[in-house]
1. List every residue pair whose Cβ atoms lie under 6 Å apart, where the two residues are 6 or more positions apart in sequence or sit on different chains, the first residue falls within region 97-120 and is touching a residue at least 24 places away in the same chain (Cβ under 8 Å), and the second residue, located anywhere, is of a type in the set (G, A, S) and in a strand (DSSP E or B).
2. Taking the stated definitions as given, is R97 surrounded by fewer than 13 Cβ atoms within 10 Å (Cβ to Cβ) and under 22 Å from the mean Cα position of the chain (by Cα)?
3. Where residues in region 128-151 are surrounded by 15 or more Cβ atoms within 10 Å (Cβ to Cβ) and either more than 13 Å from A47 (Cα to Cα) or of a type in the set (D, E, K, R) (or both), which of them is farthest from the chain's Cα centre (by Cα)?
4. Yes or no: L74 outside any loop (DSSP other than H, G, I, E, B), without any contact (Cβ under 8 Å) to a residue 40 or more places away in the chain, under 19 Å from V148 (Cα atoms) and touching a strand residue (DSSP E or B) at 6+ places or on another chain (Cβ under 6 Å)?
5. Tell me, which strands (runs of 3 or more DSSP E) lie completely within region 108-151 with 3 or more residues that are out of contact with any Cys (no Cβ under 9 Å at 6 or more places or on another chain) and under 12 Å from R57 (Cα atoms)?
6. Listed residues S60, S79; which is within 23 Å of L43 (Cα to Cα), surrounded by 17 or more Cβ atoms within 10 Å (Cβ to Cβ) and not hydrophobic (A, V, I, L, M, F, W, C)?
Amino acid sequence: MTWFYRNVMAKGFTLVEFLTTFGILALLLTVAAASLRAAGPTLATRAAARTLAADLRYASELASSTQTAHALRLNPAGSAYALVRLADPEIIIKNARINETVRLGEITVPEATVVFNTLGATATPGIITLIHASGTTMLINVRPSGYVRIE
């Protein structure tokens, strides 16, 4: 074998280089895990807010597309809600529960019911507050035009 071939093939990682690389990776993973754990309550609250806002928008779209009033009835005690078609008889389209770590807080909508008319607008605008067990809050603002915004 030539000198060049032996030196190139004989090279590899030493134990010190391997342990240093492994230590740096372990430190980076520890920092990343701590960051994700701290973001957990915010992510859970945001996910619950997005789901509730999507169902509010869905109720508005159903009201305008079917030309029948629809409502989203909130149950603060059970942290649940129901999407209802306001016809004779009333038809429950969807029952849903909010994440167990998130609860419904203050609801400024009368009778905890958001009613959408045939235009997709609401006569009962207001704010729905979601509160995580750790204290993180998100607001869902329902405007008279039927526009739903997460704040």
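Just so you know, all these numbers are worked out from the coordinates, no wet-lab data involved. Quick caveat: nothing in here was measured; it's all calculated off a predicted structure. Please note: Cβ atoms are built from the backbone with ideal geometry, for glycine as well, and neighbour counts cover all protein chains shown.
1. V109/G126; T113/A71; V115/A71
2. Here the answer is yes, as R97 does meet what is asked.
3. G146
4. Criteria not met by L74.
5. 113-116, 137-142, 148-150
6. Exactly one of S60, S79 is within 23 Å of L43 (Cα to Cα), surrounded by 17 or more Cβ atoms within 10 Å (Cβ to Cβ) and not hydrophobic (A, V, I, L, M, F, W, C), namely S79.
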